[in-house]
1. Mind pulling the per residue volume of the convex hull built on the Cα atoms of the stretch 41-81? Å³ is fine.
2. Excluding ligands, DNA and RNA, what is the solvent-accessible area per residue of the stretch 149-229 at a probe of 1.4 Å, expressed in Å²?
3. Return the carbon/sulfur percentage of the accessible area of the chain, one whole number, probe 1.4 Å, all protein chains in place.
4. Could you state the accessible area per residue of the stretch 1-90 in Å², with a 1.4 Å probe and every protein chain left in place?
5. Please report Rg (one decimal) and Dmax (integer) in Å for the Cα set of the stretch 1-67.
6. Using protein chains only and a probe of 1.4 angstrom, how many square angstrom of Asp169 are accessible, to the nearest 10?
7. Going by Cβ distance under 4.7 Å, what cysteines of the chain have no possible disulfide partner?
8. Using only C-alpha positions, report the orientation-averaged shadow area of the convex hull of the stretch 124-261, nm², one decimal.
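The values are calculated or read from the model by the stated rules, or taken from the named source; none is laboratory data. These numbers were taken from a predicted model, which means no experiment stands behind them. Using ideal geometry, Cβ is built from the backbone for each residue, glycine included, and neighbour counts are taken over all protein chains shown. Just the protein is used for accessible areas: all its heavy atoms, side chains included, with ligands, DNA and RNA removed. Shrake-Rupley method; radii C 1.70, N 1.55, O 1.52, S 1.80 Å.
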Amino acid sequence: MKGLTDKFGRKISYLRLAVTDRCNLRCQYCMPAQGIDIVDRKELLTYKEMYRITRVLSELGVNKIRLTGGEPFVRKDFVNFLESLSFNNKLKEINITTNGALISNHIDKLVELGINAINLSIDSLQEEKFNEITRRNVFKDVYQTLEKLEESPLKLKLNVVVQSGVNTDEIIDFIELSKNKDIAVRFIEEMPFNGKGQRTMDEVWNFNKIINHIRNHYTSIEPVLSKKSSTSKNYKISNYKGTFGIIPAFTRTICNDCDRIRITSTGLFKNCLFDGGVFNVRDFIRNGASDNELKELFISTVHRKPKNGFIAEAARKNDVSESMSTIGG
Ligand code: SAM
Ligand code: SF4
C-alpha cells in the first residue's frame with residue numbers, strides 16, 4: 001500500500017492530534033472569557049480510537065506525533081495514553097504542546113517515556129501580565145514547569161504568541177532566556193480568531209515586523225539551519241546557547257514544505273490548519289471501518305491536500321473563526 005503523499009509531492013509524516021477541546025486557561029487570543037462550547041464527552045475520540053488512528057497512520061509513514069488540545073494534561077489518564085503511544089516503535093518522536101500549568105509533577109515520567117520535546121506556551125515573563133493574558137492565576141505554576149524543564153533532558157521550546165500592545169516589549173527578554181540555556185524560543189504570529197470571531201489588533205506583528213524589531217536590538221543574528229518542514233524560521237544570537245524562531249502562522253510562507261495533518265479531539269481530519277475539516281474519522285471508525293478502509297481513506301484524502309493555507313481557507317464554506325483549542329494548535 002502506498003504512503004501518504006499529496007499531489008504536490010509532499011510526504012506526510014507528522015500528525016498533530018488534539019486529545020481534548022477542554023482547557024484550564026482562557027488565553028485571550030484563543031478563547032472568550034466564558035470558554036468555548038465544549039462538546040459532549042462521548043463525541044471526543046477515546047484513547048483506544050486515538051491509539052488506533054495513530055497506529056494506522058504510522059503504518060503509512062507517519063513517524064512524528066504532536067499531542068495538543070485544548071490542554072492535553074486536563075484529560076484524565078493522558079500520561080497513560082502517552083505510555084501506550086511510547087510502545088509504537090514506528091513513532092520516532094512524541095512531542096507535546098502544553099500550557100504547563102499542570103505538569104511539573106509529571107516531568108520525570110515524561111523523561112522515562114522517551115518524550116522528545118515539550119513546547120511550553122508562555123506569553124509573558126511578568127506575573128501580572130501573564131495572568132491577565134491567560135485569565136487565570138497560574139504564572140507561578142507555569143514558571144516552575146519552565147524551570148524544571150530547563151533542568152530536564154527533554155528538548156524545550158517556548159511558544160510566545162506576539163500580541164500587539166501586550167507583550168511586544170518582552171520579545172528581547174525572551175531572546176535573553178536563550179543566552180545561557182539551550183532553549184528554542186519561538187515567536188508566533190497571532191491569528192486573529194479566538195472562537196468568537198475576528199479579534200482586532202492595533203498593529204499587525206507579522207514575521208517582518210518581529211524580525212526587524214529584533215534586528216534593531218542585536219547586530220549579530222545568525223540564521224540557523226532547520227529541517228525543510230520546520231514551522232519556524234530560526235536564528236540565534238552569536239555565542240548564545242539557545243536559538244529563537246518566528247512562526248509565520250498567519251502569513252503562511254511555510255506551506256510548500258508542509259508535512260503535517262491534523263485530527264481534532266472529535267476526530268475531524270484536517271489537511272491544513274485553515275481548512276474546515278475534510279471528514280470525520282471517528283464516525284468512520286464507529287461505523288466499523290477496517291484498518292485497510294481507514295488507510296485508503298487517509299491516502300485519498302491526503303492526495304487532495306490544498307497547496308497552501310490561502311487556498312484551503314478560500315475553499316471553506318465559512319470563515320475561520322474557531323478557537324485554536326478546537327482546531328488543535
Ligand atoms: N493548551 C496548549 C497550549 O496552550 O500550549 C495546547 C493547545 S494551544 C491551542 C497550542 C498553541 O496554539 C499555543 O502555543 C497557543 O499559544 C497557540 N495559539 C492559540 N490561539 C492562537 C492564535 N489565535 N494565534 C496564534 N497562536 C495561537
Ligand atoms: Fe488553553 Fe492553550 Fe488556548 Fe491558552 S492557548 S486557552 S492554554 S488551549
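1. Spread over its residues, the Cα hull of the stretch 41-81 gives 82 Å³ apiece.
2. For the stretch 149-229, the per-residue accessible area is 54 Å².
3. 47
4. 45
5. In Å, with Rg to one decimal and Dmax whole: 15.8, 47.
6. Approximately 100 Å² for this residue.
7. Cys23, Cys255, Cys258, Cys272
8. Averaged projected hull area, Cα only: 9.4 nm².
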